[in-house]
Amino acid sequence: MKKTEGSTPTIQVLERMFSLLDVLAAHQDPVSLKDISEQTGLHPSTAHRILNDLAVGRYVDRPEAGSYRLGMRLLELGNLVKARLDVRDAALGPMRELHKLTHQPVNLSVRQGDEIVYIERTYSERSGMQVVRAVGGRAPLHLTSVGKLFLANDDPQRVRAYATRTGLSGHTRNSITELSALERELSRVKQYGTARDNEELELGVRCMAAGIRDDQGKLVAGLSISAPADRLEESWMERLTATAAQISAALGHRG
């Protein structure tokens with residue numbers, strides 16, 4: 001990893017960890033502890049200790065005693081980042097076109113654990129609503145249209161586990177806070193293939209969402225339109241689903 005001015009980590013153990021990963025990344029084959037120590041300038045005992053901790057987290061593998069290579073966890077994380085970047089790149093143009101039609105915020109979100117994360121948004125002052133959750137903002141799955149898409153994609157046991165973990169806490173009087181009500185809502189989502197938020201996250205704001213799938217058919221993101229409750233038009237749903245399908249096709253999905 002090439003260091004630029006001001007980019008050196010302020011925590012010494014992190015700087016050492018980065019240097020160890022850089023050495024492993026520079027070699028296709030496993031690297032001995034002796035070579036790692038020489039190339040990083042770290043004492044063998046220090047390098048050994050940090051590498052062992054990285055191995056616990058699967059960031060480093062030990063194919064045999066005394067040698068190390070990069071672990072599968074880095075590949076998993078890299079694939080997550082790649083998928084999100086690809087989705088954003090594929091979505092931005094179609095999102096802008098959809099915004100021109102609706103003049104309302106168009107959001108691109110992905111799932112991260114029990115929340116959705118907004119990774120892109122197109123909006124303008126003409127929408128007549130304030131954007132509360134900026135790019136990078138999070139919201140509970142069960143309170144959002146995109147979140148409901150992801151929950152509907154889970155099996156019933158996982159939905160119940162989600163309800164237990166989160167307690168289905170609400171944000172407004174319209175929030176779904178009972179498992180039976182959530183299950184009925186998710187049944188409708190499965191039936192229609194789209195989802196809605198009826199002022200469940202924020203009073204005065206309604207949303208509609210459609211899913212985006214990759215070349216393996218996996219639900220990787222959701223596209224949604226947000227609008228003041230009295231301005232959300234049902235006619236937008238057809239265009240929304242078509243736009244989500246367009247983005248999915250760009251990711252290689254053949255639906």
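The values are calculated or read from the model by the stated rules, or taken from the named source; none is laboratory data. These figures come from a predicted structure and were not determined experimentally. Please note: Cβ atoms are built from the backbone with ideal geometry, for glycine as well, and neighbour counts cover all protein chains shown. Side chains are part of the model used for accessible areas, which takes the heavy atoms of the whole protein and leaves out ligands, DNA and RNA. Shrake-Rupley method; radii C 1.70, N 1.55, O 1.52, S 1.80 Å.
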* To do: Evaluate the following for residue 112: is it open to solvent by 30 Å² or more (accessible area, probe 1.4 Å) and of a type outside the set (Ser, Thr, Tyr)?
  => yes
* To do: Could you grab me the full set of residues in segment 181-206 that are over 20 Å from residue 161 (Cα atoms), open to solvent by less than 70 Å² (accessible area, probe 1.4 Å) and touching a strand residue (DSSP E or B) at 6+ places or on another chain (Cβ under 8 Å)?
  => 193, 194, 195, 197, 199, 201, 204, 205, 206
* Do you know which of the residues in segment 61-93 that are free of Cβ contacts under 8 Å to residues at least 40 places away in the same chain, open to solvent by 90 Å² or more (accessible area, probe 1.4 Å) and not in a helix (DSSP H, G or I) is farthest from residue 28 (Cα to Cα)? -> 65
* **segment 150-180, residues that are among the hydroxyl-bearing types (Ser, Thr, Tyr), surrounded by 11 or more Cβ atoms within 10 Å (Cβ to Cβ) and not in a helix (DSSP H, G or I)** => 172, 175, 177
* Go through (1) surrounded by fewer than 17 Cβ atoms within 10 Å (Cβ to Cβ); (2) under 27 Å from residue 150 (Cβ atoms) and name the single condition residue 11 misses. => (2)
* To do: Examine segment 27-48 for a residue that is touching a Gly at 6+ places or on another chain (Cβ under 7 Å), part of a strand (DSSP E or B) and in contact (Cβ under 8 Å) with a residue 24 or more places away in the chain, and state whether such a residue exists.
  => yes
* Structure fact -> Condition set open to solvent by 10 Å² or more (accessible area, probe 1.4 Å) and assigned to a strand (DSSP E or B), scope segment 208-218, selection nearest to residue 143 (Cα to Cα): answer is 211
* With respect to residue 239, is the statement that it is under 28 Å from residue 104 (Cα atoms) and basic (Lys, Arg) true? -> yes
